[in-house]
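The structure appears below as structure tokens.
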Amino acid sequence: RGAALRGQGRYDEALAALEQTLDAYTQRYPEGHPAFARAHVEFGDTHAATERWADAEQAYRTAVEIYRARYGSSGSPVASGQVVLAAVLRKQDRLDEAAALLDSAAVVYAEAYAEGNLFEANRRTEASRLALARDEPAEAIALAEQGLAAQQALREEAHPAVVEAHGALGDALAAAGQTAQARDHLERFVRGLRNRQDPRAAEAEATLAAL
């Protein structure tokens, strides 16, 4: 329910619903159950949607620690938690910390999955954002292209992960001065955000209009 409310922009209600979910889990599951980690990821997603980066960071760190205790440091859920945590650290300009988490996740995915898996595709999309924050547009473009290709091979164009990959590639191309190509990907990004009523659509539209 929390995710649905977040998708409607009802963030305070989403947080309240997640608190109720955690209370219910306390009655239903033993301490350290993965359900608690998933709830904290939802908390992180909700805080991130309202740019409460410190709160999002704490929620994601809690989720990662629960997953690590359950699955060990090489567990795929730990790596996935590290990827979303890296995004929040990037937003706080803690780029070296974010890079270390993404590198750790890359090792886990390489050992656990075949090339072109969706977990690694998500990681490369975030790694592209990080490369752009480090003023490395060529690296950002390469990573975003790899992430988008893997997403498109296995998902519909309207899937949120595909939309995010278009956004990452569009921003990287724009930074490199490749305006025409950037516009194409950013138009797809804006369209995807609009379709799911994502509040970031207005900012993305402004970026597109400035090209």
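Worth pointing out:
- Averaging over all projection directions, the Cα-based convex hull of the stretch 100-211 occupies 6.8 nm² in the image plane.
- Estimated distance in nm for a label pair at residue 178 and residue 159, the labels positioned 7 Å out from Cα along Cα-to-Cβ: 2.3
- Shape class for the stretch 88-138, computed from the alpha carbon gyration tensor (a ≥ b ≥ c): prolate, with a/c not under 1.5 and a/b above b/c.
- Pairwise label distance in nanometres, residue 112 with residue 8, each label 7 Å out on the Cα-Cβ vector: 3.3
- In degrees, nearest ten, helix 53-71 long axis to first principal axis of the chain (Cα): 60
- Once both labels are positioned 7 Å from their Cα atoms along Cα-to-Cβ, the gap between residue 31 and residue 74 label points is 2.8 nm.
- Carbon plus sulfur fraction of accessible area for the stretch 88-137, probe 1.4 Å, in percent: 48
- The chain: most fluctuating residue of 61, 188, 28 per GNM, C-alpha cutoff 10 Å: 28
- Computed over the chain with a Gaussian network model linking Cα atoms closer than 10 Å, the most mobile of 167, 116, 81 is 116.
- Those GluC sites (Glu not before Pro) in the stretch 1-84 that DSSP places in a loop and that have at most 16 other beta carbons within 10 Å: 31, 51
- Here the calculated FRET efficiency for residue 61 and residue 23, from their Cβ-Cβ distance with R0 = 22 Å, stands at 0.55, rounded to the nearest 0.05.
The values are calculated or read from the model by the stated rules, or taken from the named source; none is laboratory data. This one's a predicted model, so the numbers in the text were calculated from it and none came from an experiment. Cβ sites come from the backbone with ideal geometry, for glycine too, and all protein chains shown count toward neighbours. For accessibility, only protein heavy atoms count, side chains too; no ligands or nucleic acids. Shrake-Rupley method; radii C 1.70, N 1.55, O 1.52, S 1.80 Å.
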